[in-house]
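Working notes for the structure below.
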C-alpha cells in the first residue's frame, strides 16, 4: 500500500510539473496532476491483472512481442527506400506506427497463446519452468488445498486440466443431491483459489482421447509436463508412484502436521462410541485422530483419562491405542492368596 501511495504521489507531481513547464496556467495545470493520478491508477490495475497471469504466459507474450516488433522494424527498413519516391511524405510516420502496433500486438497475442505448443528436442515450456503441480478432482472437492494456499506455503503455478473441470461439471449437474453439492463445492473452491494472490490457476486443454479414466489421463499429463500431482486419492497415489510420478498427498501433509503423541503420555478424551472389539471405546482428538481405548465402552459419553500404549501410522491416517489410566498398574499388582 505504501508503494502504491508513493507511485500515485510521484505520478501526480510529475504530471503537474509537466503541465507547468509547458506554460499552462495554474488552474489548468491541475489537469496534469489529475492525468498523473489516472496514469498511476491505470498502472496499479494492470499490475493486479498481470499478477493473475502465469509466468509462462508472460514469457511467451514478451518473446512474441519482441519478434513482432523486430518484423515491424524489417518492414519499416524496407519502406524507407520506398518513402523517398512517395509523393506525400507526411504519411510515412503513420505507416511506421501502424506496422509497429500491429506486429507488436500480433506477436504478443500469438506468443502468449502458443507457448503451450512449444516442444522441440525434448524441451517444453512446462519443463523449463519446472515445479508444475496438477490438481486432481478429489483434492479440489476436499478444499484443504485452498486453505494451504491462503497460508502462503504453496505458491506459483497450479494446473487444472480441462478433463478435470469437465468431471467437476458433470458431478455438479448430477441428479444425486450429495454429488451435486460436492461438485459445486469443487467449483467454488477453484473460484476462491483464482482470487488468491500467491498462486495462479491455469486451465490446460491437453487431453488424451485414447486413454479412458480421469486418473489415467492425469498420470499421462504429469509425464508429459514433468509435473507433480496434488491429490488425496489413495488409489491414484499408488498408481502414479508405480509409474514414477511425484505425488503430493494432502492427507500425508495433514498427518505430518498432527501433534506427536508418544507411548506413556496421558490424554483426557471423551468416549464417543463403542469400538469393534468387545469393551473398546472410541474417542477423537480435535484434529480428527482416532483413539481406541481398551475397557472404556461403559464410559460412553463421559470424559476419561487414558494412557497411550502405541501409535499406528498409515497412509489413511493415524490411530492411537490407549487404555484407562491406572489400568496397567492394576493388572501388574500382585494377587494375594
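Here are a few things to note about the model shown:
- Condition check for residue 50: loosely packed, with under 13 Cβ neighbours inside 10 Å, modelled with pLDDT under 80 and closer than 30 Å to residue 132 by Cα: yes
- The set of residues in region 236-252 being within 16 Å of residue 144 (Cβ to Cβ) and buried (at least 17 other Cβ atoms within 10 Å of the Cβ) consists of 237, 247, 248, 249, 250, 251.
- Any hit, region 173-180, residues being surrounded by 16 or more Cβ atoms within 10 Å (Cβ to Cβ) and either assigned to a loop (DSSP other than H, G, I, E, B) or touching a helix residue (DSSP H, G or I) at 6+ places or on another chain (Cβ under 9 Å) (or both): no
- Residue match in region 108-122 (condition: surrounded by 19 or more Cβ atoms within 10 Å (Cβ to Cβ) and at pLDDT below 75): yes
- Screening the candidates 157, 191, 226 for the property of being more than 14 Å from residue 136 (Cα to Cα) and over 14 Å from the mean Cα position of the chain (by Cα) yields one hit, 226.
- Of all residues in region 257-271 being part of a loop (DSSP other than H, G, I, E, B) and within 37 Å of the chain's Cα centre (by Cα), the one that is nearest to residue 147 (Cα to Cα): 258
The values are calculated or read from the model by the stated rules, or taken from the named source; none is laboratory data. This is a predicted model, so every value here is computed, not measured. Positions of Cβ are backbone-derived with ideal geometry, glycine not excepted, and every protein chain shown enters the neighbour counts.
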